[in-house]
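To start, the structure itself, in structure tokens.
The values are calculated or read from the model by the stated rules, or taken from the named source; none is laboratory data. Just so we're clear, the structure is a prediction, and the values are computed from it rather than from any experiment. Note that each Cβ is placed from the backbone with ideal geometry, even for glycine, and that neighbours are counted across all protein chains shown. Side chains are part of the model used for accessible areas, which takes the heavy atoms of the whole protein and leaves out ligands, DNA and RNA. Shrake-Rupley method; radii C 1.70, N 1.55, O 1.52, S 1.80 Å.
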Amino acid sequence: GVDPKLSNYFILGGIFTFRTGYIDSVPTFQTLPISPTCLDINVREFKFAHTMIFAIEEINQNPAILPNRTLGYKIHNSCGITNIMMSAIDLANGQREIIDEKNCTKADTAHAILGHSGSAPTVGFARIVGRFQIPVISHFATCACLSNREEFPSFFRTIPSDLHQSRALAKLVKFFGWTWVGAISNKNDYGINGIVAFIHAAQEEGVCIEYHEAFEQTGPREELRKVVETVKYSTSKVIVAFMSQREIKVLATELYKQNVTGLQWVGSDAWITDPSLADSEGYSILVGSLGFVVSNAKIPGQFVKDFWEYTFACSLNETANAHRKPCSGSESLNNVQSYFTDVSDLRFIYNVYKSVYAVAHALHNLTTCDERNGPFYNESTRLQIKISPLQVLHYLKNIDFTIGQGERVTFDQNGDSPARYELVNLQHVTSGTLHVATVGVFDATLPPDHHFIMNGMEILWGGGGDMVPVSVCTESCPPGKRKVLQKRRPICCYDCIPCAEGEISNTTDSTECLKCPIDYWPNARRDTCILKEIEFLSYAEIMGIVLTLFCLMGVILTTMVALVFFHFQETPIVRANNSELSFLLLFSLTLCFLCSLTFIGRPSEWSCMLRHTAFGITFVLCISCVLGKTMVVLMAFRASLPGSNVMKWFGPTQQRLSVLAFTLIQVLICILWLTINPPFPFKNMNYYKDKIILECALGSPIGFWAVLGYIGLLSFLCFILAFLARKLPDNFNEAKFITFSMLIFCAVWITFIPAYVSSPGKFTVAVEIFAILASSYGLLFCIFMPKCFIILFRPEQNTKKHLMGKTKVIQY
């Protein structure tokens, strides 16, 4: 703390460049260097200086800030780095000494320096001034390098660091899906540091940089030509330009001359809203540009009085200026076109306003603090009669106040302000005036998910289009495909290949495909998994219907034959060869036809066990009856020999017992099969990749082949016996028909084995049903149809005399 009575006057230095462009002399090292010659007037810098003066006068008239004290200013107009450095040293040292009883130090030494607008000049003098602990506070220098507290210990700024802007630009590019962009900067700390930070942030967002070029307005012409050629032959349609308004105007003019149009520009805050762009020859190619700038603001009362009096040559205060006529109030700015009267965009001007108030609040806090609690208090400080810049520097680090419409002004440990930007769109240029629209905001102080917010306003895109430009190295891979990087190319350049069988990708630009669950399979587009088609022989499909009809037809025909036999059961042809076995055979054939139906329909635990066991038992019963009939034929002819009593040992009782014994053996095999390892429903996913075959697994293959083997054994035995009896004398030798039926039976089942093994899915079941039906129809037609023909159409042959012929046939 200090004695408030001893420090009443403070100086705030300002360094601005009122003229842009300069011609610098070449040093000869023999004579003193000549100051550079400044060229064009820079209106914006005049506004910055006027805002500084306006804010200082407003503070001096405000009793709440620095009461009874005066804040003065010393503004330098400097163009060229040499003049800027000289101005900074002048403000740090002072140009004249005032020594009297109240002032023993250099009175003109600035307590803080405001400026410069450019990052490169600010880097130059802030590094030197910082050695003297004099605060430097900039309204427009955004280079991230200035956040280095070791190099710039006394630097502050009321504009966010380019580090935040670079990250915001990267998020902007990613937001619109531009993954293949070009980057151009100028060759100074501002451009290089800004574009490098952007490239790093863009790569983190998955954006690829096709090229990075840099040049300077004052550099060799070949640099500019190289940049133009790179842009002309590149494939990216979006360019991020991190440079000042001087470089962008030169570049835009050259591209315009070479008719390079249709590009989407994304600009840094140094040029995106600069009004001087409207004066450049190639401004039209910049229409549609997007970029981030600090938030707009209003400064009540600024420019109104001075510029009203200047523009209309009148006085708003008659007593203050008697040489001008009083203003009538009817004056209008509608027809006045002047950069000085344009107060619609005060984005960076407001930063000057905040900078002045930041220094004023630091001085106010310093002069109003309790002297014994101050950080610089000691006995010599108590007697100090002048405040030093070091004290201002300390209090500047800790300011925290609100200004304007409640905006908070504070600095972090690096001297940076909070990052808040507006996303602006350069929409058109009329009468030399830029028309910029705010289309979104970026606020780094909010949670990451809410950093970037669009306001829904329509955007005019580069080239004047109304559609979002596309700038990608490779078109996005649609769902169903995945990305495969191209060799020696950036990660944004890739090939799109379809997902492999059984895999899908349900997002755009997927890097890998996902395998479908075991019960699922990809659809045709391979972008979603769908349930696999379940295949089994159904009653609803044509094949199932046809097989069912043949099963039922077999049952009907067998029933009709049984009815014919029952009606004519007393006739010789029915009674011959044991009519009881004939009826039992017809019954077993009916069961064979019906058991085929168990193979149709959705397999279940009970249907799987029933279909195989019913098939095995009914067929053994059927073959046993045929075998019994065959043995009857053989025994009958052997019994006709003199002295033979063989029929005594193979009478009706023995025939019944033989059929029962043969059938019980098959029943025992089936019981063992069902007990040890029965058939069960099974989802076969191995044969088809996109289908599930719902089938009955055999459980124990030994049990299945034992059942079939036993049927085959009885069939082969029956065939041999019938074959031996085929030539026995008889007008109606049944052994011939049994032989033929067994031949068909064996042929069907021998053919069945390879067909069963090789048939896929439901066709396996169809083959099995076909074999059952074919063998059953073979037995029915070969054994019973000839007898039915005689009974119904040749009744004269259905006599005992005709059947006996020359050979005696035993009847029962």
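The table that follows gives values for the structure above.
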{"quantity": "Candidate set: the stretch 467-480, residues that are in contact with an Asp or Glu (Cβ under 8 Å, 6 or more places away or on another chain) and closer than 24 Å to Ala183 by Cα; chosen: the one surrounded by the fewest Cβ atoms within 10 Å (Cβ to Cβ)", "calculated": "Ser476"}
{"quantity": "Conditions (1) modelled with pLDDT under 80; (2) open to solvent by 70 Å² or more (accessible area, probe 1.4 Å): number failed by Val646", "calculated": "(2)"}
{"quantity": "Residues of the stretch 162-195 classified as over 25 Å from Glu458 (Cα atoms) and in contact with a Cys (Cβ under 8 Å, 6 or more places away or on another chain), total", "calculated": "5"}
{"quantity": "Long-range neighbours under 7 Å by Cβ, at least six apart or interchain, first residue without any contact (Cβ under 8 Å) to a residue 24 or more places away in the chain within the stretch 589-601, second surrounded by fewer than 23 Cβ atoms within 10 Å (Cβ to Cβ) and of a type in the set (A, V, I, L, M, F, W, C)", "calculated": "Thr598/Leu610; Thr598/Ala614"}
{"quantity": "Filter result (out of contact with any helix residue (DSSP H, G or I) (no Cβ under 8 Å at 6 or more places or on another chain) and either among the aliphatic types (A, V, I, L, M) or open to solvent by 60 Å² or more (accessible area, probe 1.4 Å) (or both)) within the stretch 431-444", "calculated": "Ser431, His435, Val436, Ala437, Val439, Val441"}
{"quantity": "Candidates Lys689, Lys736, Lys762 - the one that is in contact with a strand residue (DSSP E or B) (Cβ under 6 Å, 6 or more places away or on another chain) and open to solvent by 30 Å² or more (accessible area, probe 1.4 Å)", "calculated": "Lys762"}
{"quantity": "Single unsatisfied condition, Thr799 versus (1) hydroxyl-bearing (Ser, Thr, Tyr); (2) surrounded by 15 or more Cβ atoms within 10 Å (Cβ to Cβ); (3) at pLDDT below 75", "calculated": "(2)"}
{"quantity": "Leading residue by the ranking (modelled with the highest pLDDT) among those in the stretch 13-52 that are of a type in the set (A, V, I, L, M) and surrounded by fewer than 17 Cβ atoms within 10 Å (Cβ to Cβ)", "calculated": "Val43"}
{"quantity": "Residue in the stretch 404-417 that is most open to solvent (accessible area, probe 1.4 Å), counting only those that are at pLDDT 90 or above and of a type outside the set (D, E, K, R)", "calculated": "Gln413"}
{"quantity": "Phe198 vs. criteria closer than 30 Å to Glu458 by Cβ and either touching a Cys at 6+ places or on another chain (Cβ under 6 Å) or not charged (D, E, K, R) (or both)", "calculated": "yes"}
{"quantity": "Hey, Ser658 in contact with a Phe, Trp or Tyr (Cβ under 6 Å, 6 or more places away or on another chain), in a helix (DSSP H, G or I) and modelled with pLDDT under 90 or not", "calculated": "no"}
{"quantity": "Matching residues, the stretch 503-533, being assigned to a loop (DSSP other than H, G, I, E, B), in contact with a strand residue (DSSP E or B) (Cβ under 6 Å, 6 or more places away or on another chain) and in contact (Cβ under 8 Å) with a residue 60 or more places away in the chain", "calculated": "Lys532"}
{"quantity": "Identity of the residue in the stretch 400-421, within 19 Å of Leu363 (Cα to Cα) and aromatic (Phe, Trp, Tyr), that ends up farthest from the chain's Cα centre (by Cα)", "calculated": "Phe401"}
{"quantity": "Residue in the stretch 445-465 that is over 17 Å from the mean Cα position of the chain (by Cα), at pLDDT 90 or above and surrounded by fewer than 16 Cβ atoms within 10 Å (Cβ to Cβ) present", "calculated": "no"}
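Residues are listed down the side, and each one gets a yes or a no for (1) surrounded by 14 or more Cβ atoms within 10 Å (Cβ to Cβ); (2) at pLDDT below 90:
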position: Asn62; (1), (2): no, no
position: Asn68; (1), (2): no, yes
position: Ser78; (1), (2): yes, yes
position: Met86; (1), (2): yes, yes
position: Asn103; (1), (2): yes, yes
